Amino acid sequence: MKIPQLSLFLENRPGQLGHPCRELANAGINILTLSLADTQQFGILRLIVRDWKRAKEVLEGAGHVVNVTDVVAIEVPDRPGGMAELMEALESASINIEYMYAFNYRRGNDAAVVIRFDDPDAALAILQKAGFKIVSSTEVFDNMAG
């Protein structure tokens with residue numbers, strides 16, 4: 001199952017990350033997980049929230065340009081080699097990862113990662129065939145506060 005993720009470009013200078021965080025807080029929207037990547041001129045804030053449509057409206061209303069992309073959350077065995085097994089399954093099928101990040105999710109002995117694939121449908125099919133558990137948006141939201 002694919003999960004909607006919001007992405008915003010931010011200027012790479014002090015105070016820019018606080019603005020969207022405050023806007024979401026003022027609207028009562030909790031950020032479940034996020035990732036921030038930067039270059040010299042700008043940063044890309046990626047985040048997952050429960051009500052992404054409302055969050056998008058709030059952020060756009062505050063002057064941000066917001067892009068919505070689909071990502072996939074995958075359970076990974078939380079032990080040495082767990083991530084290597086995931087990478088091997090993807091590499092054997094020539095599935096490309098655009099980026100990934102971990103988030104605060106745990107079920108039994110598994111953790112999870114959020115991945116943006118260039119072909120998410122192909123990635124989902126390969127991962128399910130290889131026996132990896134795909135985390136639904138409902139499971140993400142139920143497993144985390146907010």
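FYI, it's all coordinate maths here, none of it is from the lab. Every value quoted in this text rests on a predicted model; they were computed, and no experiment measured them. No Cβ is skipped: glycine too gets one built from the backbone with ideal geometry, and neighbour counts run over all protein chains shown.
Please work out the Kirkwood hydrodynamic radius for the chain, using every pair of different C-alpha atoms, and report it in angstroms with one decimal place. Mind showing how you got there, number by number?
Values: mean 1/r = 0.0621 Å⁻¹.
Its Kirkwood hydrodynamic radius stands at 16.1 Å.
Mind giving me the nanometre distance, one decimal, between the label points for R13 and S137, set 7 Å out from Cα along Cα→Cβ?
3.5
Taking the Cβ of N96 as the centre, find all other residues whose Cβ is under 12 Å away and add up their charges (Lys, Arg: +1; Asp, Glu: -1).
In short, -3.
Which FRET efficiency, nearest 0.05, do N26 and K53 yield, Cβ-Cβ r, R0 25 Å?
On the way: r = 17 Å, r/R0 = 0.69.
Here the calculated transfer efficiency is 0.90.
For M87 and Y99 in the same chain, what is the full-extension length gain: residue separation times 0.36 nm, less their Cα-Cα distance, in nm? Write out the running numbers ahead of the final one.
Details: separation 12, 0.36 × 12 = 4.32 nm, distance 1.27 nm.
Length gained, M87 through Y99: 3.1 nm.
Using 7 Å Cα-to-Cβ label points, what is the Q128/F42 separation (nm, one decimal)?
Label-label distance for Q128 and F42, simple model: 3.5 nm.
Would you please classify the overall shape of the range 70-143 from the alpha carbon gyration tensor, given that a ≥ b ≥ c denote the square roots of the eigenvalues, rounded means a/c under 1.5, and beyond that prolate means a/b larger than b/c while oblate covers the rest?
It is oblate, given that a/c is not under 1.5 and a/b is not larger than b/c.
Might you report the magnitude of the Cβ-based charge dipole of the range 2-69 about its Cα centre, with Lys and Arg at +1 and Asp and Glu at -1, to the nearest 20 debye?
It works out to roughly 200 debye.
In a shell of Cβ-Cβ distance under 15 Å around V65, excluding V65 itself, what net charge do Lys and Arg (+1) and Asp and Glu (-1) give?
Every neighbour counted, the sum reads -2.
Find which of P120, S94, S136 sits farthest along the positive direction of the dipole of the range 70-143, computed with +1 on the beta-carbon of Lys and Arg, -1 on that of Asp and Glu, about the Cα centre.
Final value for the positive-end residue is S136.
Give the lysines whose C-alpha is closer than 18 Å to that of K129, dropping any in the same chain fewer than 8 places away, or say none.
Cross-link targets: K2.
Under a point-charge model restricted to the Cβ atoms of Lys and Arg (+1) and Asp and Glu (-1), what is the dipole moment magnitude of the chain relative to its Cα centre, in debye to the nearest 20?
On the way: 14 positive and 19 negative charges, 84 e Å.
Value, rounded to 20: 400 debye.
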